[in-house]
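The values are calculated or read from the model by the stated rules, or taken from the named source; none is laboratory data. All values derive from a computational prediction rather than experimental measurement. Quick reminder, even Gly has a Cβ in these numbers, built from the backbone with ideal geometry, and neighbours come from all protein chains shown.
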Amino acid sequence: MNIRRLVLDVDKAISRPTILEVGEAIEGVAGVEGFNITVTEIDIETVGMNLTVEGEKIEYEALVEAIEQTGAVVHSIDQLVAGAKTVERVKRER
């Protein structure tokens with residue numbers, strides 16, 4: 001499957017890894033052309049992040065492995081865009 005975009009829910013410990021370390025790990029994954037890490041919540045022990053990764057033929061398993069090797073944890077896939085072209089979500093009117 002040609003994965004073009006993934007939005008992941010990721011948590012890390014407050015001190016390590018740093019967001020830069022997570023970014024460096026993501027940058028080295030085959031197919032990744034760009035990414036965005038946004039901190040969504042911070043508590044005493046953890047930092048919650050939304051991670052948006054875009055590219056061509058992103059290797060999902062390699063991406064998760066790279067993130068988890070830093071010490072961060074992938075909780076879920078919140079968006080998957082795949083195929084020959086990028087299809088943006090269309091808001092449904094009711």
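Here are the numbers for the structure shown:
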item	result
Hits in region 63-94 (condition: within 18 Å of LYS12 (Cα to Cα) and not in a strand (DSSP E or B))	LEU63, VAL64, GLU65, ALA66, ILE67, GLU68, GLN69, THR70, GLY71, ALA72
Condition broken by ASN50, with the remaining ones in (1) of a type outside the set (Lys, Arg); (2) exposed (fewer than 12 other Cβ atoms within 10 Å of the Cβ); (3) touching a residue at least 12 places away in the same chain (Cβ under 8 Å) satisfied	(2)
Residues of region 24-46 satisfying the condition of being farther than 12 Å from GLU68 by Cα and in a helix (DSSP H, G or I)	GLU24, GLU27
From GLN79, GLN69, residue being touching a strand residue (DSSP E or B) at 6+ places or on another chain (Cβ under 6 Å), on the phi < 0 side of the Ramachandran plot and either in contact (Cβ under 8 Å) with a residue 12 or more places away in the chain or of a type in the set (Lys, Arg) (or both)	GLN79
Residues (of a type in the set (Ser, Thr, Tyr), under 11 Å from the mean Cα position of the chain (by Cα) and over 16 Å from ASN2 (Cα atoms)) located in region 58-94	SER76
Those residues of region 74-86 which are under 15 Å from THR52 (Cα atoms) and either modelled with pLDDT of 95 or more or among the hydrophobic types (A, V, I, L, M, F, W, C) (or both), in sequence order	VAL74, HIS75, SER76, ILE77, ASP78, GLN79, LEU80, VAL81, ALA82
Any hit, region 56-63, residues being surrounded by 15 or more Cβ atoms within 10 Å (Cβ to Cβ) and of a type in the set (Val, Ile, Thr)	yes
Residue in region 16-57 that is nearest to ASP78 (Cα to Cα), counting only those that are under 11 Å from the mean Cα position of the chain (by Cα) and β-branched (Val, Ile, Thr)	THR52
Number of positions in region 1-47 that are crowded, with 16+ Cβ neighbours inside 10 Å, aliphatic (A, V, I, L, M) and within 30 Å of ALA84 (Cβ to Cβ)	11
Check on LYS57, among the charged types (D, E, K, R) and modelled with pLDDT under 95	no
